[in-house]
Amino acid sequence: MPGQSHTDEHRDDLGSRFGMWLFIFTELLLFAGLFIVYATYRYKNWQAFHLAAKELNTFIGALNTVILLTSSATIAMSITAIQQKRKILAMVLMGITMAVGVVFLVNKYFEWGLKIQHGLYPGSQTLLEFGKGEVLFFGLYFFMTGLHALHIIVGLIFIGFVFVYVIRNRITFDNYVLLENAGLYWHLVDIIWIFLFPLFYLIT
Amino acid sequence: MNSNNDKPHIVPYRTFIFVLLALLVFTFTSIGVTSYNLGPYSVLAALLLATAKTILVLTFFMHLKWDVKLFSILVAAVMALIGVVIFITFLDYLFR
């Protein structure tokens, strides 16, 4: 163990990260399945999907993309900060990540609210009058962005716990694998959004 | 990066800033490209840019560049699996 001293050896950081990666793979396969459903329905109902996708607000989607990418950068930087024993900076960066994550959810709330106001929600009368393709598009839109938003909430709770651990010095410069795993989870949520954004908002 | 007996690799802040800037440039490029109506090519461009962004996130934000090689190999394997499943699904839909 060159250059490092350990008093607590009953841990396996590599194994811990390995476990997190395996979990991330199951999440990737879950969303990949949903993307395939989206792609095949789009292929079969391309005209309806083309019209329905125009209903989505590209600006709010782009704003949420910028927000998530920034929060991913700050959680990644918080690991550097904790490695350099800069606890306060690490906490500030984690705080920014969480605050920005909440802003993402607030945007989502207004976005969904507007759609529902316009009668565009699964099972609505307006949607049923449009036809099968629109029903599929908005069904997938609400399910996939909803499942993604659920992951944002879980990520915020995860980072919240890690934040408290940093305050209590349970996470330190030589024991921060939990922060790394929270970061990995947050980046996964980011990657899913990187594909949701062009597929729902950009491609019409 | 830090298995217990390895020296951790400390990534400088500016690396993450540069990656973030690249991600933002890719995002605005994909918004710009898809605003023109290029038909199937705008779908292709948007997906290629999204893939490039994912590779940046995996390599730098998720530390794959500095972590044990096994993780990179597994990520590549999972991506390949997803690619094969998408390919086979579309073979079915295109030629049935």
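The table for this structure:
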read-out: Residue in segment A:50-57 that is more than 7 Å from every other protein chain (Cβ to nearest Cβ), farther than 30 Å from B:Ala80 by Cα and either at pLDDT 95 or above or part of a helix (DSSP H, G or I) (or both) present; value: yes
read-out: Set B:Leu38, B:Leu81, B:Leu48: member being at the interface with chain A (Cβ under 9 Å from one of its Cβ atoms) and either among the acidic types (Asp, Glu) or free of Cβ contacts under 8 Å to residues at least 24 places away in the same chain (or both); value: B:Leu81
read-out: Total residues in segment A:85-123, condition within 17 Å of A:Tyr176 (Cβ to Cβ), touching a residue at least 24 places away in the same chain (Cβ under 8 Å) and exposed (fewer than 14 other Cβ atoms within 10 Å of the Cβ); value: 1
read-out: Selection within segment A:165-204 - within 10 Å of chain B (Cβ to nearest Cβ), outside any helix (DSSP H, G or I) and hydroxyl-bearing (Ser, Thr, Tyr); value: A:Tyr176, A:Thr204
read-out: One residue from A:Gly155, A:Gly139 being in a helix (DSSP H, G or I) and open to solvent by less than 10 Å² (accessible area, probe 1.4 Å); value: A:Gly155
read-out: Out of A:Thr58, A:Thr26, A:Thr70, A:Thr74, sole residue that is surrounded by 20 or more Cβ atoms within 10 Å (Cβ to Cβ) and among the β-branched types (Val, Ile, Thr); value: A:Thr74
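The values are calculated or read from the model by the stated rules, or taken from the named source; none is laboratory data. Given the structure is predicted, the values throughout are model-derived calculations rather than measurements. Backbone-built Cβ (ideal geometry, glycine too); neighbour counts: all protein chains shown. Ligands, DNA and RNA are excluded from the accessible area calculation, which covers all protein heavy atoms including side chains. Shrake-Rupley method; radii C 1.70, N 1.55, O 1.52, S 1.80 Å.
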